[in-house]
1. What FRET efficiency comes out for H161 versus A187 if R0 is 25 angstrom and r is the Cβ-Cβ distance? Round to the nearest 0.05.
2. Please return the longest stretch of the chain lacking exposed loop sites, where chymotrypsin sites (Phe, Trp or Tyr not before Pro) count only if DSSP places them in a loop and at most 16 other Cβ atoms lie within 10 Å.
3. If we count other beta carbons within 10 Å of each Cβ, what is the order of T192, T8, fewest first?
4. State to the nearest 20 debye the size of the charge dipole of the chain about its Cα centre, where the only charges are +1 on K and R beta carbons and -1 on D and E beta carbons.
5. Along the three principal axes, how long is region 17-108 when you take its alpha carbons, biggest first, rounded to the nearest angstrom?
6. Got a sec? Which residues in region 97-126 would a label at N199 touch, if it sits 7 Å along Cα→Cβ and we count backbone N under 12 Å?
7. Would you kindly state how much longer the chain becomes between L45 and D129 on full extension, computed as 0.36 nm times their sequence separation minus their alpha carbon distance, in nm to one decimal?
8. How big is the chain by the Kirkwood estimate over distinct Cα pairs, in Å?
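Read-outs: derived from the displayed coordinates by stated rules, not from any lab. In this text the structure is predicted, and so the values were computed from the model without any measurement. Cβ atoms come from the backbone with ideal geometry, glycine included; neighbour counts cover every protein chain shown.
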Amino acid sequence: MRYHHISTDEVYGDLELDDPHKFEPTTPYNPSSPYSSTKAGSDLLVRAWVRSFGVEATISNCSNNYGSFQHIEKFIPRQITNLIDGVRPKLYGAGLNVRDWIHVRDHNRAVWAIIEKGRIGETYLIGADGEMNNKSVVELILELMGHDKDDYDHVNDRPGHDMRYAIDATKLREETGWEPHFKDFRAGLADTIDWYRNNEGWWRPQKAEVEAKYAAQGQ
């Protein structure tokens, strides 16, 4: 049976803002939160099943996704839907935390490339060289939606908020030939904004509940 395990780059912990390195498949695990710790544990279980019982499996660790059908509790769709509702976006802390953004359709294509061409027992990192800090992301959303770049509010930072993620996807590109289609984050974000504008019926029923939860947390 062929099995592919989809995981996250959060298992590697975080990088300093000025660190020239990126996460690689050989980077030691150093999770910062209970969530990323459970992800790391699941990765190790898959590796153990491959080694001990010969399960035909591969693993991928992907950077932060954005795009259509993402739950509105997540950073980018929350800001977009807030602006659609005339509410100022919310930015955690100073907004200097860096994430390596990849469009969800490029992530999906990468997973299929690994399933079709990846080597059994190997780990592949998926990323599109899309590093940008949260402050710049919010300002770009505001610009694309016709607002002033400083039209947002700062809220309490998240506990254990990792500073920077960055993916080296060389292994994936060289072994499978995969390349991202959305190489321009601005264009991918504009595509995402259009989707949420045109699909309000999909996210609207969840919006009030999500915002009530964040309000209770001071976020």
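1. Working: r = 28 Å, r/R0 = 1.11.
Using R0 = 25 Å, I get an efficiency of 0.35.
2. Values: sites that count: Y29, F69.
So the longest stretch without any such site is 70-219.
3. Details: T192 22, T8 19.
The order, fewest Cβ neighbours first, is T8, T192.
4. Values: 26 positive and 35 negative charges, 140 e Å.
Approximately 680 debye in magnitude.
5. Extents along the principal axes: 55, 32, 25 Å.
6. Inside the label zone: 104-105.
7. Working: separation 84, 0.36 × 84 = 30.24 nm, distance 2.86 nm.
Result: 27.4 nm gained on full extension.
8. On the way: mean 1/r = 0.0544 Å⁻¹.
18.4 Å is the Kirkwood radius here.
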